[in-house]
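Below you'll find the structure I mean.
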Amino acid sequence: AAQRAAVAMEVVHAPDLAALLRLPAADLLAATRARDPSRVEDTALYFGPVLDEAVLPVHPFWPQAPAQSAAIPMVIGNTHDETRAFLGNDPGNFALDWNTLPAQLEKQQFVDLLPSVVIEHYRRLYPHYTASEVFFAATTAGRSWRGAVEELEARARQPATAAPTWSYQLDWPSPVEEGRLRAFHTLDIPLVFDNAGLPTARTGGGEDARALAGTMSDALIAFARHGDPNHAGLADWAPYTLPQRRTMLFDVHSRGADDPRGGERELYQRVPFLQRGTA
């Protein structure tokens, strides 16, 4: 964290806090695009919790879920196509073929699995997928969805007396940008907060988006009020337990499912995972 702060301050030529406070917001945002010193690849600064041996002495979900929050109900969600939000900015990722996919996957999946193993697994799971669809699905499962899976599994392994945990997956694809981003990272945020009609929401603001926003926001309001996201406008949403792994799939017609994308989960659980840059 100290390294990253120093890098950001150097980029904007701010020697101290007083100088930072005088900077316009645009300069502060520019500082966040500096290269992260903890990453091998060229990526922007990571902002998140780090282990400091005081307030956060151990990783919150490794090797197990924290006992201090075991009595607090929890909802953990993800979007089906997380990495299209940031890897979808490169047109080349939509034009991959089976010859160019391995090198791009090796660079972007962030896990210790051979691209050939991943590609073979995905082609067996989804024989209709194109090379680009495998790329977005695999990077999502390996570097974005994986964190949610680890937390859900850790919570489910806590004693039966612990508070329940609910899992959701947003499957509804946004129609913006001709639908190429599908259910991208952060698309669930304007839906959860019932802001689908805002121009910045990137939902398209249509009838389906507004209806889904009502369903999802009602679930999170019910959860905030009662510690349970179930409500009259939603199919029964059971907590996440092992081995069922019940998950609410939010879409035009939302429904519960056991272990969605189970084949992908099993592939990536062969190797360790920890959010990089947290230690």
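Might you let me know whether region 189-201 holds any residue that is outside any helix (DSSP H, G or I) and under 19 Å from the mean Cα position of the chain (by Cα)?
First, the residues of region 189-201 that are outside any helix (DSSP H, G or I): 193-198.
Imposing the further condition that a residue be under 19 Å from the mean Cα position of the chain (by Cα) reduces the set to 193.
Within region 189-201, one or more residues are outside any helix (DSSP H, G or I) and under 19 Å from the mean Cα position of the chain (by Cα).
With the requirement that a residue be within 17 Å of the chain's Cα centre (by Cα) and in a helix (DSSP H, G or I), what does region 251-269 give you?
Selection gives Gly262, Glu264, Arg265, Tyr268.
Still on this structure, please answer the following. For Val11, indicate whether it is of a type in the set (Val, Ile, Thr) and either surrounded by fewer than 10 Cβ atoms within 10 Å (Cβ to Cβ) or within 29 Å of Gln169 (Cα to Cα) (or both).
On the way: of a type in the set (Val, Ile, Thr): yes; either surrounded by fewer than 10 Cβ atoms within 10 Å (Cβ to Cβ) or within 29 Å of Gln169 (Cα to Cα) (or both): no.
No; evaluated as a whole, the condition is false for this residue.
Yes or no: Arg4 buried (at least 17 other Cβ atoms within 10 Å of the Cβ), more than 30 Å from Gly256 (Cα to Cα) and touching a residue at least 12 places away in the same chain (Cβ under 8 Å)? Lay out the reasoning, then the answer.
Values: buried (at least 17 other Cβ atoms within 10 Å of the Cβ): yes; more than 30 Å from Gly256 (Cα to Cα): yes; touching a residue at least 12 places away in the same chain (Cβ under 8 Å): yes.
So Arg4 passes the test.
Right, something else. Working carefully through the options Ser217, Ser144, Ser167, find the one that is more than 30 Å from Leu105 (Cα to Cα) and among the polar types (S, T, N, Q). Even if it seems obvious, please write down each step before you answer.
Values: Ser144 fails: more than 30 Å from Leu105 (Cα to Cα); Ser167 fails: more than 30 Å from Leu105 (Cα to Cα).
Ser217 is the lone residue from the list that is more than 30 Å from Leu105 (Cα to Cα) and among the polar types (S, T, N, Q).
Check every one of the helices (runs of 4 or more DSSP H) wholly within region 110-175 and list those with 1 or more residues that are under 21 Å from Leu96 (Cα atoms). Break it down into steps so the answer makes sense when it comes.
Values: elements: 115-125, 131-139, 145-156.
Where helices (runs of 4 or more DSSP H) fall fully within region 110-175 and carry at least 1 residues being under 21 Å from Leu96 (Cα atoms), they are 115-125, 131-139.
Name the residues in region 45-90 that are of a type in the set (Ser, Thr, Tyr) and either modelled with pLDDT of 95 or more or under 17 Å from the mean Cα position of the chain (by Cα) (or both), would you?
Keep residues of region 45-90 that are of a type in the set (Ser, Thr, Tyr), which gives 46, 69, 79, 83.
Across region 45-90, the qualifying residues are Tyr46, Thr79, Thr83.
Is it the case that region 183-196 has a residue that's surrounded by fewer than 16 Cβ atoms within 10 Å (Cβ to Cβ), small (Gly, Ala, Ser) and either outside the structural domain of Asn89 (by TED's automatic domain parsing) or in contact (Cβ under 8 Å) with a residue 60 or more places away in the chain (or both)?
No: region 183-196 contains no residue that is surrounded by fewer than 16 Cβ atoms within 10 Å (Cβ to Cβ), small (Gly, Ala, Ser) and either outside the structural domain of Asn89 (by TED's automatic domain parsing) or in contact (Cβ under 8 Å) with a residue 60 or more places away in the chain (or both).
This table checks each residue for (1) over 28 Å from Leu125 (Cα atoms); (2) in contact with a Ser or Thr (Cβ under 6 Å, 6 or more places away or on another chain); (3) exposed (fewer than 15 other Cβ atoms within 10 Å of the Cβ).
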residue	(1), (2), (3)
Ala222	yes, no, no
His231	yes, no, no
Ala238	no, no, no
Arg245	no, no, no
Glu264	no, no, no
Arg270	no, no, yes
Phe273	no, no, no
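Thr130: in contact with a helix residue (DSSP H, G or I) (Cβ under 6 Å, 6 or more places away or on another chain) and of a type in the set (S, T, N, Q), yes or no? Reasoning before the result, please.
Details: in contact with a helix residue (DSSP H, G or I) (Cβ under 6 Å, 6 or more places away or on another chain): no; of a type in the set (S, T, N, Q): yes.
Here the answer is no, as Thr130 does not meet what is asked.
The values are calculated or read from the model by the stated rules, or taken from the named source; none is laboratory data. For clarity, every value in this text was computed on a predicted model and none was experimentally measured. Note that we place each Cβ from the backbone using ideal geometry, even for glycine, and neighbour counts take in every protein chain shown.
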